[in-house]
């Protein structure tokens with residue numbers, strides 16, 4: 001698999017809350033019954049003892065999340081799958097609580113609605129209902145962790161689940177629970193996006209393929225005009241006719257990361273450069289002329305929302321958090337930029353190609369989104385927008401502990 005040079009995590013600013021509690025021990029009651037029915041005199045006063053400070057447990061550090069609706073969401077952290085039914089106000093451990101299937105660390109999650117999700121562990125892929133019941137359990141076809149999981153077809157069967165592992169795309173037939181490597185014809189894959197059990201996209205470096213046969217055959221539909229080979233590809237799709245390709249990497253001697261975001265339409269046959277990192281443009285992608293000029297920034301998570309909208313999180317070195325929201329209205333593109341709490345403590349989020357599993361940025365509706373990250377001390381952190389990205393606030397206090 002083609003890699004990119006890993007840099008330090010991007011810096012986003014957000015307010016985090018640290019809570020602690022302090023309690024007291026009740027004193028002994030004055031006067032207690034004695035034998036013979038007589039009452040003893042007042043007992044010596046006992047000075048209440050001050051309990052040591054009780055530090056509130058740190059929040060879990062989620063690896064990925066899926067929001068089915070504004071109320072219902074799932075997230076994975078270590079070996080636990082959590083579920084909320086009230087918009088994140090409370091998270092309940094859903095799996096493996098009370099289950100005979102001890103999963104170990106959960107690597108990836110894919111949702112197909114509020115009723116159930118698929119998760120991948122180091123040994124198997126499982127379908128878990130909203131009550132914690134396991135309805136499918138399929139051992140993984142190869143060793144290693146699942147980098148990306150997709151469940152484009154809901155149960156009951158027929159349907160498929162796709163797992164990206166070590167550069168190969170494997171398809172799980174839900175009926176037979178049989179795996180098949182469907183990417184042998186296209187080589188190592190870095191990212192995938194599935195719209196149905198049969199229609200999907202795969203990408204690696206600067207190349208994009210499309211299938212309409214569930215991976216039995218692939219057509220190369222695009223090769224991004226970037227220089228060199230040190231590029232990572234990330235896909236997000238609104239529909240089979242609206243897919244996004246983020247190509248990032250090409251790090252220069254000053255540790256500047258370049259990127260270009262393309263939008264593919266007409267079944268992946270037409271591609272338009274939407275925005276890029278301009279600093280490396282003359283050397284890394286001189287023939288690219290995007291519709292929108294971008295400030296110098298490193299790309300972060302990418303999320304496709306609704307019919308034609310994409311959200312791209314970005315970071316500017318030595319400056320506050322910079323977010324770019326791209327939307328298509330009436331055939332024209334619009335870009336909006338936002339800063340998040342410039343005076344707040346540090347909040348880190350993965351760069352494109354970093355340590356967080358997709359999706360680290362998830363939208364339950366066009367206006368309601370969540371972003372996973374971690375604090376400067378390495379603890380889990382969560383940010384939330386309720387207005388499509390105009391304002392982002394910390395929701396870390398709502399994370400399970």
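Things worth noting here:
- Segment residue 176-residue 137, length gained on full extension (0.36 nm per residue, minus Cα span): 12.9 nm
- Sorting 201, 279 by the number of Cβ atoms found within 10 Å of their own Cβ, with the fewest placed first, yields 279, 201.
- Estimated FRET transfer efficiency when R0 is 41 angstrom, pair residue 166-residue 212 (beta carbons, to 0.05): 0.95
- Theoretical gain in end-to-end length, residue 387 to residue 223 [0.36 nm per residue, Cα-Cα removed]: 55.5 nm
- Geometric descriptor of region 203-267, per residue, is 82 Å³ (volume of the convex hull of the Cα atoms).
- Span per principal axis, largest first, for the Cα atoms of region 77-235 (Å): 50, 33, 29
Every read-out reported here was derived from the displayed coordinates using simple, explicitly stated rules and does not represent laboratory data. Predicted, not measured: the structure shown is a model, and the values here were computed from it. Virtual Cβ from ideal backbone geometry, glycine too; neighbours counted across all protein chains shown.
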